[in-house]
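Notes for the one structure printed next.
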Amino acid sequence: MKLTVNVSTSYDIVIEKGISDKIGKLITEVCNCCKVLIITDSNVPKEYSQKIYDNLQKIGYMPFIYTIPSGESSKSITNFALIHNYLAENLFSRKDLIVAVGGGVVGDLSAFVASTYMRGIKFVNVPTTMLSCIDSSVGGKTGVNLECGKNLVGTFYQPSLVVVDPLFLNSLPKDIYNDGLGEAIKYGIMDSSVWEVLKNDANNNIEEFIYKCLSIKKYVVEQDEKEGGLRQVLNLGHTFGHAIETLSNYTILHGIAVVKGIVIIAKYALKNGEISQEKYNEIVSVISKYDIDYTCPYSLEDLKLIMQKDKKANGGFVNLICIKDIGKVYIKNIKIDEIQL
Ligand SMILES: NC(=O)c1ccc[n+]([C@@H]2O[C@H](COP(=O)([O-])OP(=O)(O)OC[C@H]3O[C@@H](n4cnc5c(N)ncnc54)[C@H](O)[C@@H]3O)[C@@H](O)[C@H]2O)c1
């Protein structure tokens, strides 16, 4: 399955079980370079990056592997600088390539390095978590965290190619897999065809499911590449989700917090008569099917206090992404104090 993202620099997304075996050929179509830096992390099974290394070497590239420690703390200015130095020490030129093999952490950091080394070298993303397969590998947001906040430094930089091999998801621990499914539930609320796959069995239709989720992301980023307006709808569930993550001291994973946020928004829609009790029940029953705990352990008042402090809150108002129906979401600028469930 293939999608083409038509933004400032267009690129293809190829989704196929086992496609990583043929990655060398796909790369020759976008980059005839010599050196390739494969960036991965310490928890991603080594055979994934090794397979890509062997594949590239066989067709004449000169690959290198750089492994960062796994975890969010690796998305740092320190690693950013270390990788830049590694590239320079190994005489990478502007014509060479970076390939990320990992989840959103590896992808965001590698893309940021690619966007800045020698003012920008080509970048290919090979996502290996559910979240990166359906979301973070597409859209061109790159970046690292600072001590005072996440994703505070970065660029918009489009990859030259995204290669999704769903077989890589087989080694994911269940909690990390489900964390990514949280973002997929968001796409399901935004689009009825994704919702239909979720209602049926997303895990057993994984290629189609990833294709459908990425089709929505593609559509949104094509309309709004640099997050000027429409792209905000991708924040469905995130306003409450971020508050839940903060209150849990990040013990509740992001995607799970987003699902809890979506259910709060669905309750809000129910209270305002925008969705029926039947639709609300359908939303929670589909989420339950995937073994995701959608209940929120915090009071609305506590959540609102955190939301007031969020960098996206403006004078006590937030842009809340609200639900009218499956496939129908809209942005509402609302005073945080006035949200009732
Ligand atoms: N750029 C964007 O548009 C965008 C969008 C959403 C999130 N993000 C970013 O993505 C990051 C989170 O990404 P994530 O959820 O993929 O987390 P992650 O990259 O930290 O991966 C989660 C864990 O899974 C391990 N892992 C990865 N692939 C594996 C595999 N196939 N088998 C076994 N273990 C594997 C990793 O080593 C890590 O321990 C955050 O930094 C977030 O800010 C970016």
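A few comments on the model shown:
- For Glu227, the conditions (1) out of contact with any helix residue (DSSP H, G or I) (no Cβ under 8 Å at 6 or more places or on another chain); (2) farther than 25 Å from Phe112 by Cα; (3) not in a helix (DSSP H, G or I) all hold with the exception of (2).
- When residues of the range 16-31 are limited to those that are in contact with a Lys or Arg (Cβ under 8 Å, 6 or more places away or on another chain) and more than 23 Å from Leu109 (Cβ to Cβ), the one nearest to the ligand (Cβ to nearest atom): Asp21
- Pro173 passes every criterion in (1) in contact (Cβ under 8 Å) with a residue 40 or more places away in the chain; (2) near the ligand (Cβ under 10 Å from one of its atoms); (3) not acidic (Asp, Glu) apart from (1).
- Positions within the range 268-308 being within 22 Å of Asp179 (Cβ to Cβ), part of a helix (DSSP H, G or I) and over 23 Å from the mean Cα position of the chain (by Cα), in sequence order: Ser285, Leu303, Ile306
- Index of the failed condition, Gly71 passing every other in (1) of a type outside the set (Ser, Thr, Tyr); (2) at positive phi; (3) away from the ligand (no atom under 16 Å from the Cβ): (3)
- Among the criteria (1) more than 30 Å from Leu152 (Cα to Cα); (2) touching a strand residue (DSSP E or B) at 6+ places or on another chain (Cβ under 9 Å), the one Ser8 does not fulfil is (1).
- Among (1) within 16 Å of the ligand (Cβ to nearest atom); (2) touching a residue at least 24 places away in the same chain (Cβ under 8 Å) - the single one Leu56 does not satisfy: (1)
- One residue alone among Glu183, Glu196 is part of a helix (DSSP H, G or I) and crowded, with 21+ Cβ neighbours inside 10 Å, and that residue is Glu183.
- The single condition among (1) of a type outside the set (Phe, Trp, Tyr); (2) crowded, with 18+ Cβ neighbours inside 10 Å; (3) under 25 Å from Tyr11 (Cα atoms); (4) within 15 Å of the ligand (Cβ to nearest atom) that Gln50 does not satisfy is (2).
- Among the residues of the range 157-180, those that are out of contact with any Cys (no Cβ under 6 Å at 6 or more places or on another chain), buried (at least 24 other Cβ atoms within 10 Å of the Cβ) and assigned to a strand (DSSP E or B) comprise Val162, Val163.
Each value in this text was obtained by applying a stated rule to the coordinates, not by laboratory testing. Small disclaimer: the values here were computed from a predicted structure and weren't measured. Cβ atoms come from the backbone with ideal geometry, glycine included; neighbour counts cover every protein chain shown.
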